[in-house]
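Take a look at the structure set out below.
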Amino acid sequence: GFLLGYNIDIDVNQAPRTKGLENQIIESLEPHEQFWMDCLNNQIIGNVDSVEIHEVTPWKVANKQLYDEYIAHMKKQGIKSRAITALSFGRKIGKLCPKRIESQKSDYENRRQNAKEYPNLDQCRNDFIKAMGLTGIEWES
């Protein structure tokens, strides 16, 4: 009878937020989440027509360029799963970076393309950490 009357004041269904749990969350990111985290870590999007993610000021990128870089990232990582559509990708990135806004068009592939303006690097990183339910990430740069 002692345990039946024992008051448990923690939620036994909620795993404690340990460094191990946060590492597990990071290791099991969806491809679009891994892509975005890698971009924020490297402070750059893409390899050829790269876009620098500014530390202090907002920055913009063409929607199609961001999606094309996501596809290239999946191939480079050897991810065989089917890529999400460009529309779905845009919505999911919007959840990881909710403070992005519509922007003036951006030049990409010799054409004016729809683009979004993103907040500075710290804001993007903080939004990502919050969206993933993490307490922090040790960024490389």
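The values are calculated or read from the model by the stated rules, or taken from the named source; none is laboratory data. These numbers were taken from a predicted model, which means no experiment stands behind them. All Cβ positions, glycine included, derive from the backbone under ideal geometry; neighbour counts span all protein chains shown. We work out accessible area using only protein heavy atoms, side chains counted, and drop any ligands, DNA or RNA first. Shrake-Rupley method; radii C 1.70, N 1.55, O 1.52, S 1.80 Å.
Over the chain, average the accessible area per residue using a 1.4 Å probe and give it in Å², no decimals. Let's see the in-between values first.
Working: 9400 Å² over 141 residues.
On a per-residue basis, the chain sits at 67 Å².
Which value, in debye to the nearest 20, gives the size of the charge dipole of the chain about its Cα centre, when Lys and Arg are +1 and Asp and Glu are -1 at the Cβ?
Around 600 debye, computed over the chain.
Please report the carbon-and-sulfur percent of the accessible area for the chain; probe 1.4 Å, protein heavy atoms only, DNA, RNA and ligands left out. Mind dumping the intermediate values first?
Details: 4610 of 9400 Å².
Of all accessible area on the chain, carbon and sulfur atoms account for 49 percent.
Between residue 41 and residue 2, 0.36 nm times their residue separation minus their Cα-Cα distance comes to what?
In short, 8.9 nm is gained.
Mind grabbing the accessible area of residue 51 for me, 1.4 Å probe, Å², rounded to tens?
For residue 51, the solvent-accessible surface is approximately 20 Å².
For the chain, state what percent of all Cα-Cα pairs lands in each successive 5 Å bin, counting from 0 Å until the bin that includes the largest distance.
2, 9, 17, 20, 18, 12, 7, 4, 3, 3, 2, 2, 1, 0, 0, 0
Give me the count of lysine pairs in segment 39-126 whose alpha carbons sit under 18 angstrom apart, restricted to pairs 8 or more positions apart or on different chains.
Qualifying lysine pairs in segment 39-126: 14.
Among 67, 6, 118, what's the order by accessible area (1.4 angstrom probe), most exposed first?
Descending order: 6, 67, 118.
Between residue 52 and residue 79, what is the label-to-label distance in nm when each label sits 7 Å out along the Cα-to-Cβ direction?
So the two model labels end up 2.7 nm from each other.
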